[in-house]
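Working notes, beginning with the structure itself.
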Amino acid sequence: MDIGEVSKATGLPASTLRYYEEKGLIQSYGRKGLRRLFNQKILERLALIALGRRVDFSLDEIRDMFNTDGPDINRALLSAKADELDKKIKEMTKMRNGLRHAAACSAPNHFECPKFLRILKLAGKKRLRQRNKL
């Protein structure tokens with residue numbers, strides 16, 4: 001498959017494919033004129049990269065999960081990432097519940113609603129923790 005076909009099949013721009021190749025995530029096996037050529041298995045590899053990106057793996061972490069034969073997945077890293085996702089799910093569930101409450105709250109002004117004020121306070125603390133990590 002040439003880079004255009006891979007781009008069309010995956011929805012990824014050719015520039016992303018070139019970047020992935022530069023980062024060592026994928027490899028072309030040759031060229032047809034100026035176009036890079038890829039093995040059909042590139043689609044599986046790109047699907048795995050997309051899955052990794054969806055769960056917040058860095059490109060370097062994803063690259064390190066491949067060897068020349070294919071995926072060599074670090075199970076401890078997967079477990080740690082699953083733990084991170086559990087935390088995010090809990091946070092997002094709280095946020096969703098807060099939004100639902102704010103949408104249905106009968107207070108004339110949200111700043112008069114004790115529950116809404118607690119949500120704001122929690123959001124402020126989370127932002128402060130994130131800023132302190134940097």
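The values are calculated or read from the model by the stated rules, or taken from the named source; none is laboratory data. On a predicted model such as this, the values are computed, not experimentally measured, just so you know. Cβ atoms come from the backbone with ideal geometry, glycine included; neighbour counts cover every protein chain shown.
Assorted remarks:
- All positions within the range 19-29 that are surrounded by fewer than 14 Cβ atoms within 10 Å (Cβ to Cβ) and either acidic (Asp, Glu) or at negative phi (or both): Glu22, Lys23, Tyr29
- Set side by side, the residues Ala103, Ala47, Ala76, Ala82 differ, and just one is touching a helix residue (DSSP H, G or I) at 6+ places or on another chain (Cβ under 9 Å) and free of Cβ contacts under 8 Å to residues at least 40 places away in the same chain, which is Ala47.
Matching residues to (1) out of contact with any Pro (no Cβ under 9 Å at 6 or more places or on another chain); (2) closer than 30 Å to Arg118 by Cα; (3) assigned by TED's automatic domain parsing to the domain that holds Gly124; (4) β-branched (Val, Ile, Thr):
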position	(1), (2), (3), (4)
Thr16	yes, no, no, yes
Tyr20	yes, no, no, no
Ile26	yes, no, no, yes
Tyr29	yes, no, no, no
Lys32	yes, no, no, no
Asn39	yes, no, no, no
Ile89	yes, yes, yes, yes
Met95	yes, yes, yes, no
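- Residue in the range 59-75 that is nearest to Lys88 (Cα to Cα), counting only those that are loosely packed, with under 12 Cβ neighbours inside 10 Å and among the acidic types (Asp, Glu): Asp60
- Qualifying residue in the range 36-58 (condition: assigned to a strand (DSSP E or B) and either surrounded by 10 or more Cβ atoms within 10 Å (Cβ to Cβ) or on the phi > 0 side of the Ramachandran plot (or both)): yes
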